[in-house]
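The values are calculated or read from the model by the stated rules, or taken from the named source; none is laboratory data. Note that the coordinates shown come from a computational prediction; the quantities given were computed from them, not determined experimentally. Cβ coordinates were reconstructed from backbone atoms using ideal geometry, including for glycine residues, and neighbour counts include every protein chain displayed.
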Amino acid sequence: MDDREVASEYVRSPDRSLAPNVGSMLAGVALLAAVLLLTDGTLADPTVGVAGVAVAGVAVAAFFARRRDMLDAGVAAPAAAGASLAVAGVGGYALVAGGPGEPIAFGLTLLGVGAVGTLLGGVGGLLAAVADWRAIPDDRLAAMTRTTLSSTAFGLFGYLMFNVAVLVVGLFLLVAVGGELTPVQEQLVSAAGLTLGTVVTVYAFLNWTDETTDFFDVRMPSLRDVGWVVGGIFVIFGGLVLVSVALQLIGVPSSGHSTVQQAEDNPEILLVLIPITLVVIGPCEEIIYRNIVQKWLYDVFSRPAAIVVASVLFALIHFPAYFGGSVIATFGSLITLFTLSLVLGAFYSKTDNIIVPAAIHGILNALQFASVYVELTGGVPAVV
């Protein structure tokens, strides 16, 4: 669907009830989560928790007034949006500055539940308020929800297939060689699994949607495309540096990738990963998360919105690779990945050629791996 056709769906209509209803529930979740942040020891400054409860209450009141036709969208939606954004800010602050809090169950803490609850409830409330203000009809919201869930399911399916294929290839190789795999062999197994998992995911997508191979934007890059790749590398490095500096200024650390941590004892795997990321990791991940997930979202979202939604999923999919440190360190790494995905998605949208973001992705990772290798073996600081 053309962007102008998508935009034309956003017209005023009296038939709207889903957005305020959903917003009320999300604002309620944020309110309860903000109350948790008032628990002793969770936030050093309790006034932040009080402020979180207050703005969450404003969001709840605005959505309630909208549902009861006490206020129209022109008044209630901006109030709910502003309050929801403030609630999300409180959640972000709690992640950065909050203490450990008291454990609840299953390893969860009051800080974790309260901060994540206010963050997600605030962001969700903001989206619901925007949908109400734009007067998106319920059938359009339902279509957006279905498409988002379907594309997310395929993103998760692709991640699952990656891991299943790696397990199958690894077991086959173990039987063949009759012993433990070396670190280099493990990386080769991962590359083979990623390739096989991508093929299975693409096959499943084509059969599920009745699309043809024409859906995939794979073509020989032109000189213009090469220029976009070169420009994209500079843009993405600049963006990552800015995000890294911003996170450091507000005290947010980042978790190390599990592969880089493994390379500390076996630097040689980085030399193997450089060609792998160029010909396997970059292309495979971009086909799944840009050419399938992001492009699928074009049907119901404008392209900028599709890029954001796909980028959220891309960051969350990488959660297992960065999990293991503190909550805030993992959060910082996911923010960095989200920024990376925004740039890749934008360059894919601009060129409609998956080779462009695949090349940017692969070259970026290759330079990072080369930099870390030099750092580990030659004492030169890493670039990123």
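If you check ALA115, ALA131, ALA143, which single one turns out to be closer than 21 Å to PHE301 by Cβ and surrounded by 17 or more Cβ atoms within 10 Å (Cβ to Cβ)?
Details: ALA115 fails: closer than 21 Å to PHE301 by Cβ; ALA143 fails: surrounded by 17 or more Cβ atoms within 10 Å (Cβ to Cβ).
Of the residues listed, the single one that is closer than 21 Å to PHE301 by Cβ and surrounded by 17 or more Cβ atoms within 10 Å (Cβ to Cβ) is ALA131.
Could you tell me which residue of region 344-366 is surrounded by the most Cβ atoms within 10 Å (Cβ to Cβ), considering only residues that are closer than 20 Å to TRP296 by Cβ and hydrophobic (A, V, I, L, M, F, W, C)?
LEU344
Answer yes or no: is there a residue in region 176-186 that is assigned to a helix (DSSP H, G or I) and under 23 Å from the mean Cα position of the chain (by Cα). Talk me through it step by step, then tell me what you get.
Filtering region 176-186 down to residues assigned to a helix (DSSP H, G or I) leaves 176-177, 183-186.
So of that shortlist, the ones also under 23 Å from the mean Cα position of the chain (by Cα) come out as none.
Looking for residues that are assigned to a helix (DSSP H, G or I) and under 23 Å from the mean Cα position of the chain (by Cα), one finds none in region 176-186, hence no.
Quick grid of which residues meet (1) of a type in the set (Gly, Ala, Ser); (2) over 18 Å from ALA359 (Cβ atoms); (3) at pLDDT 90 or above:
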| position | (1), (2), (3) |
| --- | --- |
| THR277 | no, no, yes |
| VAL280 | no, no, yes |
| TRP296 | no, yes, yes |
| VAL300 | no, yes, no |
| ARG303 | no, yes, yes |
| VAL308 | no, yes, yes |
| ILE317 | no, yes, no |
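How do the pairs read when you match residues in region 338-359 that are within 13 Å of ASP225 (Cα to Cα) with residues anywhere that are of a type in the set (Phe, Trp, Tyr), using Cβ under 6 Å and keeping only pairs 6 or more apart or on different chains?
Listed by first residue and then by second, the contacts come to PHE347/TRP228; THR351/TRP228; VAL356/TRP228; VAL356/PHE347; PRO357/PHE347; PRO357/TYR348.
Criterion first (modelled with pLDDT of 90 or more, in the same structural domain as VAL123 (by TED's automatic domain parsing) and not hydroxyl-bearing (Ser, Thr, Tyr)) does VAL60 satisfy it?
Numbers: modelled with pLDDT of 90 or more: yes; in the same structural domain as VAL123 (by TED's automatic domain parsing): yes; not hydroxyl-bearing (Ser, Thr, Tyr): yes.
Yes.
Looking at VAL166 and the list (1) in contact (Cβ under 8 Å) with a residue 40 or more places away in the chain; (2) crowded, with 19+ Cβ neighbours inside 10 Å, which single condition is not satisfied?
Every condition holds for VAL166 apart from (1).
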